Every structure is written in C-alpha cells, then in structure tokens.
Amino acid sequence: MSITKVPSESDTIAVRAGLESDTQHGAVTPPLYLSTNYTFEGYDQPRTFDYSRSGNPTRQILAEAIAELEGGAGGVITSTGMSAVFLVLQLLKAGERILIPHDCYGGCFRLFRSFAERKIIEFDVVDQTDEKALKIALDKKPAMVWVETPSNPLLRVVDIEKISRLSKQSEAIVVVDNTFLSPLLQQPLSLGADIVIHSTTKYINGHSDIVGGAVVAKRESIYEDLKWWANCTGITGSPFDSFMVLRGLKTLDVRLERHNSNAKRIVDYLQAHSQVEKVYYPGLKDHPGHEIAARQQKDFGAMIAFRLEGGVENVKAFLSGLKIISLAESLGGVESLICHPSTMTHAAMTIEEQTVAGISQNLLRLSVGIENVDDLIADLERCFKQCQ
C-alpha cells in the first residue's frame, strides 16, 4: 500500500496522502487498520504485513507521505518524538561519539547525557554557529552530528549545508531535527543531511491530541537499519495515532500560512513594546541567522522567544494575566501556547547548563496558533499590564 508517486507540490502531496488506496471498497479516505496481526497466504508466505509492531497499513501510508515530503528513501513512524531520537541513536556502536549543539532540546540533552553516563556513547557539545569550534569538535571524528535548526527555545539558525559538508569530511551521519518548521518549510535532506526527524506531535499533526515521531532517511541502507531497530525495540507508532497524524497532515499547508502570518504580527508588537528586553525570531533582519534562514527555509515559522524586563517575579505576573494563550509545554498546535523554558521544556538541564545555552529566567517561548491575531495581541497586552 503506497501513495501514488506523481510529480506534485508539497501541499498537494500532504492533502492526497493515502487517498483512494482502499482496493476493497473504494474508500476515498484511507482506512484505519487496528488489527494486531495479519494472516499468511500459506506456509512460509507472509503478506506485506504480518504483525502490527513491524508493519501496519495506516502507519505505512503516513511514513511514505512524510518521506516523500522530505525527499527521503523511507520513513519510520515512532510512538513519540523522543522515540524518534532514541531510534536514531541505535545506529551508533558502543562508545561512538555524537556531536550535539550547546542549546539542544532539554529532553534530547537528558537522553544523550544518560547514555553517556552508562558508557553507551560519548558526546561533545559545541556552538554550531562557531565554525572554528565546530571544526575542532569534528577533529574528534564523531560518528554522528546532531542539528536543531531553528533551535529550541532561542531560535538560533545554523547552516545545514555547511555543517553537512564539514561533517562528511569526518564521515559522520548528519541528523537534523526539523520539528519547528515541518517539511513544508525546510527540507534538510536536500541540504546534505542524512536523516531528518520530527515530533509529529507538533506541526505535522497540529491539534495537540496525539504524541508521535517520524524518522526519514536519505539513503535506503540507513532506512533499512532504522526499520530493523524500530521493529526490534518496539517503538513504532500506533495505528490510531498514525491515522490522526495523517488527518492533521492534510491541513498542514493552510495552517502554516495562518501560523506564520500571525507570528509576524506578534513579532512586530513585541519589538515595539517597552517591557520586552529582546525578541528572538529568525525573520528579523538583525537576527544573527536571518540570512541563513532566508536561504534554507521557505518561511520563518511561528515560534518566538522573548525576554521580559525584570526577573522571575515579572514572569509570574505576566503569566497570571493569560486569558486566551495557554501556559503549557509543546508547540505547533492550532492553539497558542506559552512556556517558561527554564522550568518547563528545559528543566532537565541544570541552571549552569541553561546559562551556557543562553536560557535565562526571564525568557518566554511562544508558539503562535491560528486564533484571531488581534485577540492574541490583546491577551499579551493584558499580561504586560500585570508586570511592574
């Protein structure tokens, strides 16, 4: 079972994924296959699917759709975004080294550190925007280079093409987390990466009602290894969650248009506000990564970070004024969310580690939803009035 491979634009691929794939009844929408197992045609004659941990028709449609959008050889759908990270790490042999960004997502950092503490892998941390430091780190011959761009939560942007080229000289596998943009706004494999991952919980699903992940490989050989490990470890996504993500994928393009336009309005508002110390958004021309973002992204996304004037007490006061925007972790849903990275998404890091990553106590991260933008700005204004 697969989607029709015809030349098409990404928004059309996202909408048409799996449509008319039902050969039994001619259903337009692909069915949800909940069956745990599938009959063999006869002795030693398995069908395409035999057991749902290793393969499921609904999950396969989603995997093929995301792989096509990313331009990869194949994709694996996992149970969560962190399962996707865990799956990729299975490609490393015992004691091999991974090079990670100094400001990587807190959950990823916790996993890397835990694996290193158990002597499973070694890892080095580097500011990937510093080419000299990057080259020195690559001299240690890491087996894998981990890239997050834009980064979480400060929206730092790194040059995927340059990092991929430098990493290939060390024969390292380059992995890019594309969660913040989705394949409709950035395609890392076309820029030289070997693997791209997503937390499908975020923009690809877009409705904050499932958790899931995806891993797409550029080469067939890596895809086969990932597929083997996914079956071996049992971290594949459920059929129902895959069905929900497939449904969310169909509206990704139109959602992103509203997300992005709302974000630009809110950035302008925050930039002009006297109680905002600094705004982090790649679309700003004075953002250090603006030119790279303009080159390798199709738009600047809907994630914003900003520092409030004052300290923690001001943050508490600001958040107490929320009426529309929700104080919650995660991102990429139709609803607007705000979080305090230090105590929420990056709480797994010590204060010292947060400081190295540039995460301060007055930093807030905003995932801009698709509500009426004037209502969102009015909510922020209400919050600012709570501050000293």
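What the table below lists for this structure:
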{"quantity": "Checking I222 against (1) under 30 Å from L380 (Cα atoms); (2) surrounded by fewer than 23 Cβ atoms within 10 Å (Cβ to Cβ), the condition it does not meet", "calculated": "(1)"}
{"quantity": "Test: residue in segment 195-214 that is touching a Lys or Arg at 6+ places or on another chain (Cβ under 7 Å), among the charged types (D, E, K, R) and farther than 13 Å from E148 by Cα", "calculated": "no"}
{"quantity": "Residue that is within 17 Å of A65 (Cβ to Cβ), at pLDDT 95 or above and of a type outside the set (D, E), where the choices are A263, A217, A272", "calculated": "A217"}
{"quantity": "Per-region count, segment 103-131, residues under 19 Å from I292 (Cα atoms) and in contact (Cβ under 8 Å) with a residue 40 or more places away in the chain", "calculated": "3"}
{"quantity": "Yes/no for I324 being buried (at least 18 other Cβ atoms within 10 Å of the Cβ), under 20 Å from G369 (Cβ atoms) and at pLDDT 95 or above", "calculated": "no"}
{"quantity": "Meets criteria (charged (D, E, K, R), over 25 Å from N205 (Cα atoms) and surrounded by 15 or more Cβ atoms within 10 Å (Cβ to Cβ)) for R307", "calculated": "yes"}
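Conditions (1) in contact (Cβ under 8 Å) with a residue 24 or more places away in the chain; (2) more than 12 Å from P153 (Cβ to Cβ); (3) of a type in the set (D, E), marked per residue:
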| residue | (1), (2), (3) |
| --- | --- |
| G289 | yes, yes, no |
| I304 | yes, no, no |
| R307 | yes, no, no |
| V315 | yes, yes, no |
| A328 | no, yes, no |
| S342 | no, no, no |
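For every residue, the table says whether it meets (1) assigned by TED's automatic domain parsing to the domain that holds F318; (2) assigned to a loop (DSSP other than H, G, I, E, B); (3) more than 23 Å from the chain's Cα centre (by Cα); (4) surrounded by 18 or more Cβ atoms within 10 Å (Cβ to Cβ).
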site: G333; (1), (2), (3), (4): yes, yes, no, yes
site: P341; (1), (2), (3), (4): yes, yes, no, yes
site: A348; (1), (2), (3), (4): yes, yes, no, no
site: E352; (1), (2), (3), (4): yes, no, yes, no
site: V356; (1), (2), (3), (4): yes, no, no, no
site: L364; (1), (2), (3), (4): yes, no, no, yes
site: I370; (1), (2), (3), (4): yes, yes, no, yes
site: D374; (1), (2), (3), (4): yes, no, yes, no
site: I377; (1), (2), (3), (4): yes, no, yes, no
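The values are calculated or read from the model by the stated rules, or taken from the named source; none is laboratory data. This one's a predicted model, so the numbers in the text were calculated from it and none came from an experiment. Neighbour counts run over all protein chains shown; Cβ positions are idealised from the backbone, glycine included.
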